[in-house]
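First comes the structure, then the notes that go with it.
FYI, it's all coordinate maths here, none of it is from the lab. In this text, all values refer to a predicted model and were calculated from it rather than measured experimentally. Please note: Cβ atoms are built from the backbone with ideal geometry, for glycine as well, and neighbour counts cover all protein chains shown.
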Amino acid sequence: MSDASNHENPAAFKHWFNRAAVTRLAEQIASTWPRFPVDRFVDEASDGLDALELKQRVAHIARALSGALPTDVEQALSIVVACLPPRDASSEEFFDGVVLWPVCHFVRQYAVEHPDAALDAIFVLTRHFTCEFTIRPFIERYPDRVFERLTQWVEHPDPQVRRLVSEGTRPRLPWGQRLTALQHDPSPSVSLLDRLVDDPEEYVRRSVANHLNDISKDHADMAVDIARRWLQTESPQRRKLVSHALRGLVKGGHKPALSVLGFDGVDIDASVAVSQESVRIGSHLYVEATVESLVDMAQPLVLDYVVHHRKANGTLSPKTFKWRTFELAPLESVSLRKKHSFKRITTRTYYPGTRSHRSGRQR
């Protein structure tokens, strides 16, 4: 299964959308609708494709698809849905789903005036690819109608459908359109998350955790209350889900979130230092810490550290890095050392200058 939202390198992923992929899509559609103009579509969809970035390629192919299908949108939707092979919920075999992203974009872009037919198509498409981007404009425009469908889909035997219920309604989905109404009031989706928190598929539970993390960015107290309620029924799966869901709040030192996870009331002394005062881009340094318990009882600890990276304008931007979660024995003292790399990466640009770090003894 291809999950576009999880790809970290769009620059490489864009090359999946080439003339060969366009040809596969055309042949798939023509297999059930022989009138499809394969050659014309392939030429139009491929023209100028190499100069485009990922999302531009998807939109470009979708435009060509719109010109090759009937102008009657509902008929066009029925054609693209008919070309998909049936999929049993237990099957591990998937159609080459990535070529369906332009089809999903076609539904999003050209079928917004036909919500029922579009939702029917989304239900089928998401079982072969992923429709969390596709469904979002329909949620914004027809919330009641879409949530009525989602309430039915939450019990569907196919985990791809159940995941769409959570992933499609995430208010801050990466790469996706913001769902401003759900950012303001997440309660419509919370009732669905309650039904998915114990889903048998980790793939679905991971989406639930990411959804709650989205909620925490706008409603921290609400997210903590939801997490606390979920943990009233204790299980390893729920604890793992909640830990992942509250990761943003934990990184920010949010005390109620730390308390829900059992990290509160610690009594320690700590010192932090770095191994050297300067470092070259491409090199590394070590972060060193000593943590000492001051009480005669075991204490669970979550230990992170913050690097304040210099930005292009000279200001500093804090970035929290995970370090270690462990239990400190009564009156125990632990020394820790972690390598921190300044290797060039695509998601961060390093600028020369001072970077602050927290050092010294802390309680």
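Only one residue of HIS309, VAL272, ALA289 has its Cα farthest out toward the positive end of the dipole of region 268-362, where Lys and Arg carry +1 and Asp and Glu -1 on Cβ, and that residue is HIS309. Each of GLU327 and SER78 was given a label point 7 Å from its Cα along the Cα-to-Cβ line. The distance between the two points is 6.4 nm. Restriction of the GluC sites (Glu not before Pro) in region 219-299 to DSSP coil positions whose beta-carbon has at most 11 other beta-carbons within 10 angstrom yields GLU234, GLU277. Between ARG348, ARG206, ARG170, the GNM of the chain built on Cα springs shorter than 10 angstrom shows ARG348 fluctuating the most. Summing Cβ point charges (Lys, Arg +1; Asp, Glu -1) relative to the Cα centre of the chain gives a dipole of roughly 1660 debye. Of the two radii for region 129-169, the radius of gyration is 0.94 times the Kirkwood radius, both from the alpha carbons; that is the Rg over Rh value. Most tightly packed first, judged by the mean number of other beta-carbon atoms within 10 Å of their residues, the peptides 248-259, 142-153, 209-220 read 209-220, 248-259, 142-153. Given +1 at the Cβ of Lys and Arg, -1 at the Cβ of Asp and Glu and no other charges, the dipole of region 264-363 around its Cα centre is 1040 debye to the nearest 20. Among the trypsin sites (Lys or Arg not before Pro) in region 163-202, those located in a DSSP loop and surrounded by at most 14 other Cβ atoms within 10 Å of their own Cβ are ARG178. For the chain, the convex hull drawn through the C-alpha positions has a volume of 162 cubic angstrom per residue. Under a Gaussian network description of the chain, with springs only between Cα atoms under 10 Å, the residue in PRO318, PRO102, PRO188 that fluctuates furthest is PRO318. Summarising the amide proton neighbourhood of HIS309: residues at separation of 5 or more, or on other chains, whose placed amide H is nearer than 5 Å comprise SER317, LYS319. Using only the alpha-carbon atoms, how far is helix 187-196 inclined from the longest principal axis of the chain? Give it as 0 to 90 degrees, nearest 10. That works out to roughly 90 degrees. In the chain, the calculated helix contribution to ellipticity at 222 nm averages -13000 deg cm²/dmol per residue, counting -39,500 (n - 2.57) for every DSSP H run with n ≥ 4. Compared with the dominant Cα axis of the chain, that is its longest principal axis, helix 236-245 is turned about 90°.
Cross-link pairs exceeding 18 Å in C-alpha to C-alpha distance, out of LYS251/LYS319; LYS14/LYS311; LYS14/LYS217; LYS217/LYS251; LYS217/LYS319; LYS255/LYS311, comprise LYS14/LYS311; LYS14/LYS217; LYS255/LYS311.
Taking the C-alpha atoms only, the angle from helix 54-68 to the longest principal axis of the chain is near 20 degrees.
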